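Input: a single structure, listed below in structure tokens.
The values are calculated or read from the model by the stated rules, or taken from the named source; none is laboratory data. Quick caveat, the model's predicted, so the values are computed rather than measured. Methodologically, a virtual Cβ is constructed for each residue, glycine included, from the backbone with ideal geometry; neighbour enumeration extends over all protein chains shown. Please note that ligands, DNA and RNA were not included when accessible areas were found on the heavy atoms of the full protein model with its side chains. Shrake-Rupley method; radii C 1.70, N 1.55, O 1.52, S 1.80 Å.
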Amino acid sequence: MNRTVLLWMIIGWVGFMILPWYVIEDGFWGLEWLLDGYPLDTDYGPAWAQIMEGGKFWLSPFPLFLLLPLAVWGRAKSDPLYSLILLVSGTGGLGYLLLQAFTIGIAGWEFQVLETWYGVIDRQYGVGYGGLLVSASFLFMITQGIAARGVINGDVFVVSSIGLIVAIVGMFIFFPVSRIMLSALQNDEGLFSLLSFTTKISHFKIWGLGCLTSNVGCGVAWNSLFLAIVVGVTTTALGLVFALVATRSGFKHRKLLRALTVLPIITPPFVIGLSLILLFGVSGVVTQFVADLFGLVPGRWLYGMPGILLAQLLAFTPIAFLVMIGVVEGINPSVEEAAQTLRANRWKTFTTISLPLMRPGLANAFLLGFIESMADFGNPLVLGGDYDVLSTEIFFAIVGAQNDQGQAGVLALVLLGFTLSAFFIQRRWLGKKSYTTVTGKGDAGFHSILPDRVKWPIYSVAAGWTVFTLVIYCMIMFGGFVEIWGLDHSLTFKHYITAFSIEITEDGFLWTGSAWNSFWTTITIATVAAPLTAGLGLLTAYILVRQKFRGHDVFEFGTMLSFAIPGTVIGVSYILAFNVPPIELTGTAAILVLCFIFRNMPVGVRAGVAAMSQLDKSLDEASLTLGATSFYTFRKIILPLLRPAILAALVYSFVRAMTAISAVIFLVSAEYNMATSYIIGRVENNDYGLAIAYCSILILVMLSAVLLFQFFVSDRKATRRKTLPKTKTSTGFKESIA
Amino acid sequence: MKYSVLLLSTALGAVTALGLSTGSVAAKGKLNYYCSAQEDWCQLMAKGFEKETGIKVNMSRKSSGETFAQIKAESRNPKGDVWWGGTGDPHLQAAEEGLTVSYVSSLRGELNDWSLSQAKSADDKTIGIYSGALGYGYNSDLLAKNNLPVPACWKDLLKPEYKGHVQMANPNSSGTAYTTLATIVQLFGEEEGFEFMKGLHKNINQYTKSGSAPIKAAARGENTIGIVFLHDAVKQAVKGFPIVSVAPCEGTGYEIGSMSLIKGARNLKEAQMFYDYALRADVQSRALEVKAFQVPSNMGAKTSSKAPSLSSIKLINYDFGKYGSSAERKRLLKKWDDEVKTLAK
């Protein structure tokens, strides 16, 4: 019998016979349940005990589905019955599992009509580890059944990966988001009404064009769209500038520059906004200086579009940089050399060869900048003035005085519409062209140095931006050491002491500082989430770039969806979806980790896709031809070549887990509080000193984490020869841009 | 094949194993406490109660709007037990939507009338724990620098010389600003009240999202006059910022910070103990330790000399029942949106 089938069958039976079927209120890993009446206690029992003792008779069909795969014993994979049996077992089991989970809930029948038909039924709690293993078993029976039919060359690894990703993306993105989207279609009485939906979505507050004719603000949709386009274009341009400086210039302190561009990305929200206020606000240092110098009246220009734009550029340029650098590094110098050999000058080479080859990077960087700007919440909140944007409007539709979830759903739909359009436009622009530049063939030489015409403007932009960033960060560091930022600048350590004091007693260390609790939680959750996010993201990228299958585009769209939805919507929809059975997660650390994984996975996917579209398919084909499995190829060929993308994904997901706020604010609980939500509390209380002291510590932690990641995931080893070969051999010129 | 199994099982295992590790050990008694006041006040209440009773308190602090959204979202499977603090309107709304339960404490005799009337308008599902009057605060340095007159009344704020110097929150997003709108409507009548809001609109430099943001901006010199609750203004002054608070001469409205027991609470007994604890005079007196200058609801609790005392302020007879109801709120907000917010400045 096929070993994989057998293994998943065993796993399924373990889930049914041994592990508790339902979720355990005081936690599974506390293992208290083992001593407290297991297995017959109805709170902790595995499925068989629930059927016998707990009266949960509706669980009894599962053994049937779990036994069914035994029928493939002795059958060849090519036997049509083989796949049919697995498919029946898997889809039947999983389908029934979902059916019973969604119809029988915490209060018995979920639907009134079922109760009138069948009478009262016992209630059930959320699915626990037992149910989880059984579901996994069914899922992989399905994928093996599909693979046995010859789909994707019968590759079990690829089919199973697709199955897994589809299942969890469905569970943790589509399911919760559909809950809140449905509320967009409901009217005030909770009934579905197309009329109220059309009135809401065409409201002048969303689409008004008053700003063109008078000084009344435009609709939030236009505001957000305009801002996001400007931010997307500018961050991409700046990201490209920094990537060029870091890889193609003789600039000596490139490493430093690289570290510096990462600074804004590791800065908790609000802080950039606050330091901008202290610099350029009405009473800001720069404003006052300029006003005194020229005798002007200090203006409020910072509050509104310019302020948000500035803060977002500071915050999101590094993301564009991280995407761009992988792509710029990956371009094969031999193509550029070929152009130069054909007598193109450096300018012509740059504009006709290098730049077009960077298109995947440019497109992905723009998309990320656009979406980040759309979903950003902290900066518009601090600097928005009367320039309303969708993300803050959604937040206040939910938590504000209106408490209008439907309105939030409508606004979320508009936002989603924009981000999805950007996504499709990006795909069209990239088209079907090939951007492969990393091939197995010997490629010679160095990247050409930038032409002067490009070099000097780029140097000055990079230098100016760097100085600006440095000033901002000096302001921030300074703010943690003064009594009251902006008022009393006498130096003090008191904020650090309040937050991070440690007492040494005979029992050891006593973490007495008020920030320690949230600090450790944040570190733990970020550490758990980062590798999972990166792994899932890259696996998805591999499937997207390398595998052709029906529904490919839908699959890609699904994995990008969570990124296009603002955190607030995700936060509320997670509460709506995961507070009640079948999946009970609120108040646990798991919901935070899951939220981070699915919020940040798209960055791993994008970075992976951008980097992977440069790898020549002949590399994996060679490996596959030599008899390696697709998993082995992924691990041994693709992954090592993807190091920059892995690094980007790891860094990004770790950092975002530590700095995200809008989704997190709904999901933190007393037990699992996060650093950002603690900081917001301090900011609300005007305790900037403490907030900034905490942020400074977080920045240091993240900086060391980034360096650590960089150390472990060193640069891609497939770099070119360090010296020019003595005799030049002509290399294949395959990398034409078709 | 072996690897694929390995990878998939680790992936699946990891995604789920990290979770559910709630790991909490159920103590003998515990209380899930939602707090919507300032962080240090919330902590003080939690620690004090923990120390006195030995009951473990799990606190989570969020603004009153966020807490209301959370309780509503969790209503089918409540996680919280008691909700303490935050402006009264969301508490009233929670009562209206049946998210909270009624409770009559034995300490009612010690409470101020406004606290009890809050309870009365919600069938005892909520009760007042502190109160604060609405008003505004100004940055005295900026006022002098711009040669502006000192304001004393609501109507002073309409003067053209204050153009671009006044800030208030957006009533759509902030409970404070909604209280302002409702106060003006009750003070001047609806028609004249909206004329006032339209006049004020011309002087407003920005409608902030959060209720106390205008006075924080004023403290840092980013704004001159902020319409807020007076205790928020006093707090900035006590911190050392050049803020002077003004109780408007025409009279003003006020908020009642409230407390409610959540329906379906898992630790109802502990929640009721906390409820009684929070109404005690000695407990309410401790608010001064964290510079909370609201007026306590227990008549025996100590107040600060810096705090604006409600007796010296001309208070209107604020109708919490009417202006706290969702229907009236939606109507006023829509009217404000249509008639005031869309005006050119």
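Against the test of being open to solvent by 10 Å² or more (accessible area, probe 1.4 Å) and in contact with a Lys or Arg (Cβ under 9 Å, 6 or more places away or on another chain), the options A:690, A:619 yield a single qualifying residue, A:690. Just one residue in the set A:692, A:661 is in a helix (DSSP H, G or I) and either modelled with pLDDT under 85 or not acidic (Asp, Glu) (or both); that residue is A:692. Do you know which residues across region B:65-77 are touching a residue at least 40 places away in the same chain (Cβ under 8 Å) and open to solvent by 20 Å² or more (accessible area, probe 1.4 Å)? Correct list: B:75 only. Residue count for region A:10-23 under the criterion of being open to solvent by less than 20 Å² (accessible area, probe 1.4 Å) and within 12 Å of chain B (Cβ to nearest Cβ): the result is 3.
Among residues of region A:185-214 that are open to solvent by 40 Å² or more (accessible area, probe 1.4 Å) and outside any loop (DSSP other than H, G, I, E, B), those with a Cβ under 6 angstrom from a residue that is modelled with pLDDT of 75 or more and among the aliphatic types (A, V, I, L, M), sequence gap 6+ or separate chain, pair up as A:192/A:185; A:201/A:410; A:207/A:221.
Taking region A:24-55 as the range and being within 14 Å of another protein chain (Cβ to nearest Cβ) and assigned to a loop (DSSP other than H, G, I, E, B) as the test, the residues that pass are A:24, A:25, A:26, A:27, A:28, A:29, A:30, A:31, A:36, A:43, A:44.
Of the residues making up region B:175-198, those that are within 14 Å of another protein chain (Cβ to nearest Cβ) and open to solvent by 10 Å² or more (accessible area, probe 1.4 Å) are B:175, B:176, B:198. Within region A:384-395, is there a residue that is surrounded by fewer than 24 Cβ atoms within 10 Å (Cβ to Cβ), under 21 Å from residue B:63 (Cα atoms) and away from chain B (no Cβ under 11 Å)? No, there is no match, as no residue in region A:384-395 is surrounded by fewer than 24 Cβ atoms within 10 Å (Cβ to Cβ), under 21 Å from residue B:63 (Cα atoms) and away from chain B (no Cβ under 11 Å). Residue A:6 fulfils the conditions (1) in a loop (DSSP other than H, G, I, E, B); (2) within 14 Å of chain B (Cβ to nearest Cβ) except for a single criterion, (1). Every test in (1) touching a Ser or Thr at 6+ places or on another chain (Cβ under 9 Å); (2) among the hydrophobic types (A, V, I, L, M, F, W, C); (3) part of a helix (DSSP H, G or I) is passed by residue B:144 save one, and that test is (1). Looking only at region B:315-329, decide whether some residue is closer than 21 Å to residue B:48 by Cβ, under 17 Å from the mean Cα position of the chain (by Cα), outside the structural domain of residue B:212 (by TED's automatic domain parsing) and open to solvent by less than 70 Å² (accessible area, probe 1.4 Å). Taking every residue of region B:315-329 in turn, none turns out to be closer than 21 Å to residue B:48 by Cβ, under 17 Å from the mean Cα position of the chain (by Cα), outside the structural domain of residue B:212 (by TED's automatic domain parsing) and open to solvent by less than 70 Å² (accessible area, probe 1.4 Å). Residues that are among the polar types (S, T, N, Q) and part of a helix (DSSP H, G or I) within region B:162-196 comprise B:176, B:179, B:180, B:183, B:186, listed in sequence order.
Among the residues making up region B:199-208, a single one is touching a Leu at 6+ places or on another chain (Cβ under 6 Å) and open to solvent by 10 Å² or more (accessible area, probe 1.4 Å): B:199. So residue A:59 fits all but one of (1) modelled with pLDDT of 85 or more; (2) open to solvent by 10 Å² or more (accessible area, probe 1.4 Å); what number is the exception? Evaluating residue A:59 over (1) modelled with pLDDT of 85 or more; (2) open to solvent by 10 Å² or more (accessible area, probe 1.4 Å) leaves (2) as the failure. Confirm whether residue B:172 is open to solvent by 10 Å² or more (accessible area, probe 1.4 Å) and not assigned by TED's automatic domain parsing to the domain that holds residue B:123. Yes: the conditions hold for residue B:172. Among residues that are surrounded by fewer than 22 Cβ atoms within 10 Å (Cβ to Cβ) and touching a Leu at 6+ places or on another chain (Cβ under 8 Å), residue A:99 is not included. Look at (1) open to solvent by 10 Å² or more (accessible area, probe 1.4 Å); (2) assigned to a helix (DSSP H, G or I); (3) within 11 Å of chain B (Cβ to nearest Cβ) and you find that residue A:495 fails only one, number (3). If the condition is being out of contact with any Lys or Arg (no Cβ under 8 Å at 6 or more places or on another chain), surrounded by 24 or more Cβ atoms within 10 Å (Cβ to Cβ) and part of a helix (DSSP H, G or I), then region B:210-230 contributes B:213, B:214, B:215, B:216, B:218, B:230.
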